[in-house]
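Here's the structure, in structure tokens; my notes come after.
The values are calculated or read from the model by the stated rules, or taken from the named source; none is laboratory data. Source: prediction; values computed, not measured. Here the Cβ positions follow ideal geometry from the backbone for every residue, glycine too, while neighbour counts run over all protein chains shown.
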Amino acid sequence: MADEPKWTPGPWAVERNKRTWGWVDVVGPSLGVGGPTQATDLTLADEVKRIAEAHLIAAAPDLYAALDDLLASYAEPDQQICCGGHDCGCRGASVRDLAEHHARAAIAKARGAA
């Protein structure tokens, strides 16, 4: 399909490289990329910024999927996808609630909190 993403789908994760000091890797299902976070010419602020950027890169597929789901959820009237609390005790969930949940989770991953 022409509209399908051309990048490697997730999940992607941030990992400290165990073989090279001061190096962080963004690892996906079929590819890993990395970069230095510590060096003699880098400050602590540089390291923090580079690690944060790695988390943003790793979250990119999740952010794309969450935004795609969110936009799709507004294309049609909202629909309940749960019993509305009658059977399971939940407060009821809709397609938009689920899309919002995925969006918030992707943002948390981009911030390095997930």
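Would you check if there is a residue in the stretch 5-17 being at pLDDT 80 or above, acidic (Asp, Glu) and closer than 21 Å to GLY112 by Cβ? Yes; the residues of the stretch 5-17 include at least one that is at pLDDT 80 or above, acidic (Asp, Glu) and closer than 21 Å to GLY112 by Cβ. Filtering the stretch 1-27 to residues that are among the acidic types (Asp, Glu) and surrounded by 12 or more Cβ atoms within 10 Å (Cβ to Cβ) leaves GLU15, ASP25.
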